[in-house]
């Protein structure tokens, strides 16, 4: 249990720092792209257009954002966080490991003030404080994790669900344009949630069996959920506030894996602590929603290239 708590916390720090670095990279890329395009109108034609006809980021602008050094360093931290989070998912109940990892929202908020110059509202700070309290409740209430195996159809349903989620979600966010930041963050969280479930039920790890590992649909659900979640998170960072996008991600990667762990994988709380675990879980989700809601008005990377009204609160 202790090793799981330490690795989940370390994963949270890696993810939180990585998100802010990725936001920095997305902002710098948006400014450079706008300068090269000669401040072309949103949705303008040509290879240098940064937005689609719906006002969302073009595939080209997203691709250019991911090759900035800040974004690459953030991605390396994400990969380290993934490895640590995968270990935590094998050592802790999913509702606990995913929620601790989701506390990267706190790291993101603190670093965004320092590195991005954001000023958080009082309600955002309150929501972050409530989230920290909810994590303490969950840690106190958590019992042993359930088994690491699930019925074979569950592996296939996880893969099919991941493909539908990422493909359909990408199309939806593209249609929503500038209003799709929270949706993109939520869908990216669901993708990372699928990754967490896949790691938990993946066959061929204990004992190691390469043949069993590469034929398990859960392995490919991990790849689809992880890569798709990263793409959608990048889009969310381009469209909206890093704190709002990360908070929406928190909800997605916490609720579904936690429910799956309890309902199908045998995760449980300590005897007599079930009400505390439920309360802590709900409190964590509500507080994350609060951060997303109250921080929704803060601009994203694409807004960094647009003129701001005099006296606007950044």
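The values are calculated or read from the model by the stated rules, or taken from the named source; none is laboratory data. Bear in mind that the values here come from a model prediction, so they are computed numbers and not experimental data. FYI the Cβ positions are ideal-geometry reconstructions off the backbone, even for glycines, and counts take in every protein chain you see.
So, residue 245, is that one closer than 24 Å to residue 167 by Cβ and modelled with pLDDT under 80 or not?
On the way: closer than 24 Å to residue 167 by Cβ: yes; modelled with pLDDT under 80: yes.
Here the answer is yes, as residue 245 does meet what is asked.
How many residues does the range 82-101 contain that are buried (at least 24 other Cβ atoms within 10 Å of the Cβ) and farther than 17 Å from residue 140 by Cα?
Qualifying residue count, the range 82-101: 2.
Which residues, taken from the range 151-167, are assigned to a helix (DSSP H, G or I) and more than 26 Å from residue 81 (Cα to Cα)? Write out each step before concluding.
Keep residues of the range 151-167 that are assigned to a helix (DSSP H, G or I), which gives 152-167.
Of everything in the range 151-167, those that are assigned to a helix (DSSP H, G or I) and more than 26 Å from residue 81 (Cα to Cα) turn out to be 152, 153.
Inspect all residues belonging to the range 224-243 and state whether any of them is outside any helix (DSSP H, G or I) and buried (at least 24 other Cβ atoms within 10 Å of the Cβ).
Just the residues of the range 224-243 that are outside any helix (DSSP H, G or I), to begin with: 240-241.
If we keep only those that are buried (at least 24 other Cβ atoms within 10 Å of the Cβ) as well, we get 240-241.
The answer is yes, given that some residue of the range 224-243 is outside any helix (DSSP H, G or I) and buried (at least 24 other Cβ atoms within 10 Å of the Cβ).
Give me a count of the residues in the range 198-221 that are assigned to a helix (DSSP H, G or I) and within 14 Å of residue 90 (Cα to Cα).
Going through the range 198-221 one residue at a time, the tally reaches 4.
In the range 83-104, what count of residues is obtained for those that are farther than 7 Å from residue 8 by Cβ and under 11 Å from the mean Cα position of the chain (by Cα)?
Residues meeting the conditions: 4.
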